[in-house]
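Just so it is clear, none of the values below were taken in a lab; they were calculated from the coordinates. Quick caveat: nothing in here was measured; it's all calculated off a predicted structure. Reconstructed Cβ throughout: ideal geometry from the backbone, glycine too, with neighbour counts over all protein chains shown.
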Amino acid sequence: MLNRRILRIKAMQSIYAFRQAERSDYQLALDLIHETFAPDLNSPTPQDLKKLEGYRKLGSILFEESVQKGQISAEEEMPKPVHEAVTKAIGFYQNQTRKDQAFLGKQMISEAEKIYDRYIWLLLLLIELADYVQREEEERQHRQIRPQPSSRKELKFHYNQVIKLLKEHQPLEKEAIRRGLNWGAERAFVKELYKEVIKKDPAYTEYTQLADASFEEDKKIVNHIAKNIIFKHELSNNFFQMLDLSWPENKDVLKSMVTKTIKNIEESKPDSLELLDLAINWEDDRDFFADLYKYTIENDEQYEEMVSGKTKNWDVERVAALDKILLKMAIAEIMHFPSIPVKVTINEYIELSKVYSTPKSKQFVNGMLDAISAELTAKGLVKKSGRGLIDNK
């Protein structure tokens with residue numbers, strides 16, 4: 001299931017993507033100014049190249065100042081053509097960054113919710129593999145001059161009791177239909193996975209040799225195929241990574257969901273097969289996810305001042321980009337999420353810095369957040385309630 005650490009990681013990645021897009025938008029806006037005052041090679045009259053170059057330089061400087069100040073300089077302070085060019089560039093930049101923020105925010109939520117599609121699709125893959133066993137046996141029989149009845153051994157996985165429960169589980173079927181999920185277009189992969197990996201797997205071979213598999217033995221082989229082949233083998237990992245760029249992060253979530261679903265199935269309890277939820281409370285987690293992204297981006301200038309004020313012994317420009325994002329996310333969380341204890345927030349971002357940033361980031365992030373959280377608390381800017389009060393004394 002999705003947890004908040006994973007959501008923090010995905011928010012961090014989306015904020016980083018937004019900052020990259022923002023830099024591109026900034027450069028495109030400068031390019032607009034440059035193009036406005038570029039010499040017209042087709043002009044029938046001579047052009048004042050020195051004047052155009054002056055306008056270009058002035059426009060670039062005023063654009064940069066306007067972005068930093070958050071407002072355009074007064075029109076009387078610059079030539080009219082320059083003011084028009086800067087106004088146009090600022091409008092483009094602001095409009096484009098708004099679009100990028102909205103797009104990346106929606107994409108972030110959508111990609112997280114698609115994890116549930118992958119979960120359903122992976123359960124369907126187990127069914128598809130069992131169906132392929134039958135198709136392969138039918139093809140083998142078709143090639144024989146005098147076909148012999150198929151043995152239980154050859155079709156053992158097709159008749160697997162856990163697979164049968166998955167096939168007959170109406171909620172799984174309904175979700176698959178509602179989401180338009182099936183393996184019809186990927187049967188070449190299913191065939192390759194079975195013939196080149198599963199069929200040659202020692203545990204699977206041993207399973208097919210059983211005279212009469214028990215329910216627990218059926219369950220064990222399904223779990224083995226899911227856990228040790230689908231989620232571990234290079235063939236399947238390469239396949240899923242081609243379809244999902246976030247597969248390395250999503251894989252552990254999906255592995256947990258699929259194997260837990262299988263583990264919960266009991267022979268004596270027909271209703272024990274249940275589809276898991278994406279998260280314990282996705283509505284709350286979704287709001288946390290979206291708000292963390294929003295607050296971090298929209299309060300960037302305020303958080304930048306907080307970070308800069310605590311980096312006297314550091315060149316703030318040389319602080320790792322991800323460290324700055326993590327610090328700003330942590331500040332947003334401390335200030336805007338009353339139910340999350342400050343200590344929990346600090347520990348979470350220290351852990352993220354250890355995995356995603358530089359070797360020295362752990363100590364840097366820890367020290368910075370201790371200092372910033374203490375200052376925010378002293379100023380009365382940390383408002384916690386409920387669970388958020390646990391360590392906030």
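For residue 127, the shell of other residues with beta-carbons less than 14 Å away shows a net charge of -3, using +1 for Lys and Arg and -1 for Asp and Glu. The alpha carbons of the range 219-312 give a radius of gyration and a Dmax of 20.3, 66 Å, in that order. Under the convention that each Lys and Arg Cβ holds +1 and each Asp and Glu Cβ holds -1, the size of the dipole of the chain around its Cα centre is about 880 debye. To the nearest 10 degrees, how steeply does helix 4-36 sit against the main Cα axis of the chain, on a 0 to 90 scale? On a 0 to 90 degree scale, this one is about 40. Only Cα pairs within less than 10 Å get springs; with that Gaussian network setup on the chain, which residue of 46, 171, 341 has the largest fluctuation? Comparing 46, 171, 341 in the GNM, the peak value goes to 46.
Within 15 Å, Cβ to Cβ, of residue 231, how many net charges do the neighbouring residues add up to if Lys/Arg are +1 and Asp/Glu are -1?
+2
Computed over the range 247-393, relative contact order equals 21 percent, with contacts defined as Cα pairs under 8 Å that lie 6+ residues apart.
Each Lys or Arg adds one and each Asp or Glu takes one away; over the other residues whose Cβ falls under 11 Å from the Cβ of residue 351, this sums to +3. Once you divide the Cα radius of gyration of the range 269-339 by 2.2 N^0.38 Å, the number left is 1.64.
Peptide packing: for 204-211, 86-93, the average count of neighbouring Cβ atoms within 10 Å per residue gives the ranking 86-93, 204-211, highest mean first. Less than 5 angstrom separates the built amide H of residue 266 from those of 272, 273, all sequence-distant by 5 or more or on a different chain. Its Kirkwood hydrodynamic radius, worked out from the mean inverse distance over all distinct Cα pairs, puts the range 4-107 at 15.4 Å.
For the range 114-272, the alpha carbon convex hull comes to 118 Å³ per residue, rounded to a whole number.
For the chain, the longest principal axis of the alpha carbon atoms and the long axis of helix 361-378 meet at an angle near 60°. Computed from label points 7 Å out along Cα-Cβ, the spacing between residue 187 and residue 201 is 2.2 nm. Answer with a single label: of [x] 222; [y] 196; [z] 146, which was calculated as volume of the Cα convex hull per residue in Å³ from the structure in view? Given [x] 222; [y] 196; [z] 146, the structure-derived one carries the label [x]. Counting neighbouring beta carbons within 10 Å and listing from fewest to most, the residues 383, 69 come out as 69, 383. Between residue 287 and residue 235, residue separation times 0.36 nm minus the direct Cα-Cα distance comes to 15.1 nm.
For the range 299-389, what is Rg from Cα atoms divided by 2.2 N^0.38 Å, rounded to two decimals?
This ratio for the range 299-389 stands at 1.02.
With contributions of -39500 (n - 2.57) from each DSSP H run of at least four residues, the per-residue ellipticity at 222 nm computed over the chain stands at -22500 deg cm²/dmol.
About the centre of its Cα atoms, the range 4-107 shows a dipole size close to 980 debye [charges on the beta carbon of Lys, Arg (+1) and Asp, Glu (-1) only; nearest 20 debye]. Taking the average, over residues, of other Cβ atoms within 10 Å as the packing measure, peptides 5-15, 101-111, 128-138 rank 5-15, 128-138, 101-111 from highest down. Where does helix 170-179 land angle-wise versus the long Cα axis of the chain, in degrees 0 to 90, nearest 10? Roughly 40 degrees, rounded to the nearest 10.
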